[in-house]
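Presented below is the structure to which this report refers.
Read-outs: derived from the displayed coordinates by stated rules, not from any lab. In this text the structure is predicted, and so the values were computed from the model without any measurement. Because the Cβ atoms are built from the backbone with ideal geometry, glycine has one as well, and the counts that use them run over all protein chains shown.
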Amino acid sequence: MAGIGYWFKYTTKKGLQPPTAAPTPTPTLDDVFLAGAEIFQTHCVQCHGPHGMGDGPAATTLPVQPAILPFHIPLHRDEDVYVFISEGFPNLGMPAFREILSQEEILQVLRYLRVRFGGVSP
Ligand code: HEC
């Protein structure tokens, strides 16, 4: 029969010690949404407007009206919206954001668009 000595040896061998540092929390979907909201304010509102209605202050300087996001986002899958943001529409005035934002930031703003304007991805 194994006694306390065995138990002690066994647990120490397994390295069961109290953690020395708190684990890094994984970002929640809310964090991603909030980060996306900031990116939208900084990089998108001037053209798409605060409510995505294509009426930002810079909109009148463009050859076409910026897409009305509450109408357009529900029509497209995440993969496609990612490409729209990443490649932009340079000939219509929207820059290619892959030169401005990281992949992670594009995913953050994509999440923001989906939650705010798009409901579920088709
Ligand atoms: C300088 C102005 C400008 C800025 C800044 C801008 N856009 Fe655009 N965006 C446009 C224009 C113009 C179009 C319309 C292209 C078209 O009609 O096909 C467009 C189209 C889009 C579309 C395509 C919608 C569809 O279904 O056709 C998405 C999505 C989009 N923008 C998202 C964004 C996001 C997200 C940002 C910020 C990261 C952003 N845009 C910043 C001008 C801009």
Review point. Out of curiosity, is E79 among the acidic types (D, E) and either over 18 Å from Q41 (Cα atoms) or within 11 Å of the ligand (Cβ to nearest atom) (or both)?
Key: yes
Exercise for review: Of all residues in the range 68-96, count the ones that are assigned to a helix (DSSP H, G or I) and farther than 19 Å from L34 by Cα.
Suggested key: 13
Exercise for review: State whether the residues of the range 104-117 include one that is of a type in the set (D, E), in contact (Cβ under 8 Å) with a residue 60 or more places away in the chain and assigned to a helix (DSSP H, G or I).
Suggested key: yes
Review point. Can you spot a residue in the range 51-74 that is more than 8 Å from the ligand (Cβ to nearest atom) and under 25 Å from P27 (Cβ atoms)?
Key: yes
